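Have a look at the structure below before the remarks.
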Amino acid sequence: MADAGLIALSAGIAVGITGMASAWAEKEIGSAAIGAMAENEKLFGKGLILTVIPETIVIFGMVVAILLWLNM
Amino acid sequence: MLLPIQMTRVLIVGSRGALKDTIELLYRLEAAHLIDFSAEEEGFSLGAPLPESSEASQRLLKLRSLEKDMGVDAAEVRGRMDVAQIEKDLAATIAELEVEITSVTESRNKLAGRINELEAERAVLKGFLGIPLDMEMYSGYESLRVLTGKVRGDPSVAVRAAAPQSEVFLSDSGDFVAVFVAKAQADEAQRALAQFGFTEVPAPAKSGSPQQLVARADEELTALRASLEEAVRKLEELRERHAAFVKAADEHLSIVVEKAETPLRVGTTEYAFAMDAWVPTSDVPKVEKAIAEGLGGKVHLEALATAPRKEAHASHEGEENPKSLAEEAPTKTENGRIVKQFEYMERMLSTPKYNEIDPTVTMMITIPIFFGLMVGDIGYGIPFMILGWLGLRNCRSDEWRTISTLLFYGGIWATIFGVFLFGEMYGIHFAEQPHDMSWSSLLGVQLPHEIAIGGFEIPLGIYSKLHNVKPILYMTIWIGLIHVFIGYVIGVYNKAIRFGLKHAILERFSWLLIVIGGALLLLIVVDAMILGKTVELTDLRILIAAPLIVVGILLAYKGEGAAAILDLPGLMGNVISYTRLAAIGMSKAGLALAFNTIAFEVLWGHDFLVPGSNSGDTIILIAVLAIFLVGHLTIFILAIISAGLHSLRLHYVEFFMKFYEGGGVDFKPLKVIRKYTIEKNGVSE
């Protein structure tokens, strides 16, 4: 078995950095979506959907973290 | 039928005199989606509004301004009025209301203005109350200057030192001063006053003692306020008496105007009119018959063509084909009562095209299942169900109804998964656990691991969200594969009816092969990576999967070009994206574990190895329950946002991308929706 501390650290990095990446992407999309909504409220649905799309990045990070954890 | 209802394009022509009756008839039939007349056709010009339009618009305008003055609230209005009655009373009531409301609002505004004035005067006079001088003493001097105003502190000594020829009166309260000073020394006096934060309040030109003046102002204010109240009450009375009528008349007039302006969408010549419309194919005979019978042969309906589902495939060089009938036809879907509740979720993204499957039914099945899987806890599932049920009963707006629908059906699945798959309530398992507390250990009773129903042993909780991550993750990948697979199957069907079988095979069936191949490879990956078996290259699954994938890629390459190869990792990403079903469940279970540990193990001193053990302190028990409540309320609210949004997103992004195009036009037939009025006998006189 590999070093447990290193694995835990790697899992943390995997989730942490992908989380920041998601946040960064969502921030850009979210502010644009709100701008669009100010013009046309009907765009709420589309804006919401577009905003949560980058959430997949952190899900990938989480999957990697879980795989690491399972190998601990 | 999952496809939108078939539409037929019809042309209705007739003599111009019959236009009004035709419009009335079509409004009653509620089956014709009018196509705006484009002024390009030779010999035709846009129709003019019917004569009643201008009068009705004027009245509507007046009525709306009256409504604003009265402050009519739509929510207060109950009951419906007969249109004939409205027609009869309209002119008289509007005239009467106009006179009454104008006079009341005018007097109300005047009163309010005078009250403001008096209040300002009274505020000025208040300062002079503490000085024993009548108001006429403050003016009319030749050699004296009078300075009156507010001060902080007593300035008399300083003022007398700076300007010996002066007299200072300080009010009893010590914050108002009146200084009488020789004009020559006025500047010095003012400078001295400035050090005490002097702000000048000029004496009003009145006579009599300030006490008398204030008392008089108060008297007048009381009277004015009473009349203001009276005016407001009168307005309220008018509102109560006429709100229902005004609202109903507003609706009626809006309908009249809408109908009277319909000719603006119709082409006319001097003696005839022609209108283009879409009618559901099944309704065409009904409309035809109604026109033939109702309009005495002056109007004729001609069914031009039934819109086909098939359309020309846009070539890859980006050329746009002219719009075909299939692309222009409006979309009317016929969904049952329950399916309809999910329609808004789909419309939020887009309306389906006329020639593609309306995916609302598939959403109705999978959205609540995904939601339930992510929540998976009876403790949240039942409150969700109750909340959703209440919402469906009481809410009217589309948005809230949609949320309620999601909560209700999602709550049902959350309860089912919570009991049978995860076996937990508020993140705590029912039956005894080897590493964790459980309701059994907490309450000191033995809850079973399974129940027997009709000879079958039904387990209460197979997996724990936090301890059996592997199987749940594996399960969600399979859910993803199946969901994406269904998406491609619908895609094959859509492409087949729209562009023909060849395009369907090249562009969608190819991906189906790749998904099947990918599923087989997944089994191998699990064998190799997780179960640690060695996999031979001659494994049967590889022998089947490899050709499937290769053929699939080749077909897709032929159909879509190089972009198909770029889509491959995207497909893998889509499937992995479904692991969020497990991830969100885990994160909620993790939060719940944290709150439960703080509450029960740390504070209450519960040891899961000793059933029923606790510190036995009542005060601590209250704190424990408070933490439990707040913690789980947080998780509950987060669950609405995360589980609801993510289950929607899995549909919009991962699922719909496989087949859905959207961008259709909603079928909007000529029809009126009445909320405050009823039309007796179908004809308004």
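Annotations for the structure displayed:
- Centroid-to-centroid separation of the stretch B:18-89 and the stretch B:365-387 [C-alpha atoms, Å]: 46
- The relative contact order of chain B, computed from alpha carbon pairs under 8 Å that lie at least 6 residues apart in sequence, is 20 percent.
- Between the alpha-carbon centres of the stretch B:603-646 and the stretch B:282-316 there is a gap of 64 Å.
- Pairs beyond 22 Å (Cα-Cα), from B:K353/B:K495; B:K20/B:K675; B:K68/B:K675: B:K20/B:K675
- Diffusion coefficient (Stokes-Einstein, Kirkwood radius over C-alpha pairs, 10 °C, 1.306 mPa s) for the stretch B:461-594: 97 µm²/s, rounded to a whole number.
- Histogrammed with a bin width of 20 Å, the alpha carbon distances of the stretch B:357-658 distribute as 28, 49, 21, 2 percent, first bin at zero.
- A crude spin-label estimate for the pair B:S15 and B:R265, with each label 7 Å from Cα along the Cβ direction, gives 2.6 nm.
- Kirkwood hydrodynamic radius over Cα pairs of the stretch B:256-297, then Stokes diffusion coefficient at 4 °C and 1.567 mPa s, in µm²/s: 106
- Nearest-10 value in Å² for the accessible area of B:I490, using the 1.4 Å probe: 20
- Global geometry of the protein assembly as shown, whether rounded, prolate or oblate, following the gyration tensor of its Cα atoms and the 1.5 cut on a/c: oblate
- Under the span-like rule (Cα at least 20 Å along the axis, Kyte-Doolittle mean at least 1.6), DSSP H helices of chain B: B:360-375, B:510-525, B:540-560, B:618-649
- Overall dimensions of the stretch A:4-70 as given by Cα atoms, namely Rg and Dmax in Å: 15.7, 52
- Rounded if a/c under 1.5, otherwise prolate or oblate - chain B, Cα gyration tensor axes: oblate
- Rounded to the nearest whole angstrom, the semi-axes of the ellipsoid equivalent to the stretch B:196-256, taken from the Cα gyration tensor as √(5λ), stand at 49, 17, 8, largest first.
- A cut-off under 11 angstrom between Cβ atoms defines the neighbours of B:N614, and their net charge, with Lys, Arg +1 and Asp, Glu -1, is -3.
- Exposure of A:K27 as accessible area (Å², to 10), given a probe of 1.4 Å and all protein chains: 120
- Taking amide H as placed 1.01 Å from N in the peptide plane, B:T331 has its amide H under 5 Å from the amide H of B:V665, B:D666, B:F667, each at least 5 places away in sequence or on another chain.
- Other residues with beta-carbon under 15 Å from the beta-carbon of B:K558 carry, at +1 per Lys or Arg and -1 per Asp or Glu, a net charge of 0.
- Antiparallel content of DSSP bridges confined to the protein assembly as shown, in %, to 5: 90
- Entries in B:K286/B:K671; B:K289/B:K340; B:K340/B:K465 that, when Cα-Cα distance is taken, lie over 26 Å: B:K289/B:K340; B:K340/B:K465
- Cα Rg, Dmax (largest Cα-Cα span) when computed across the stretch B:122-216, Å: 12.7, 39
The values are calculated or read from the model by the stated rules, or taken from the named source; none is laboratory data. Computed from a prediction, not measured in an experiment: that's the story for all the values here. Every residue, glycine among them, receives a Cβ derived from its backbone with ideal geometry; neighbour counts consider all protein chains shown. Note: areas computed on protein heavy atoms with side chains; ligands, DNA, RNA excluded. Shrake-Rupley method; radii C 1.70, N 1.55, O 1.52, S 1.80 Å.
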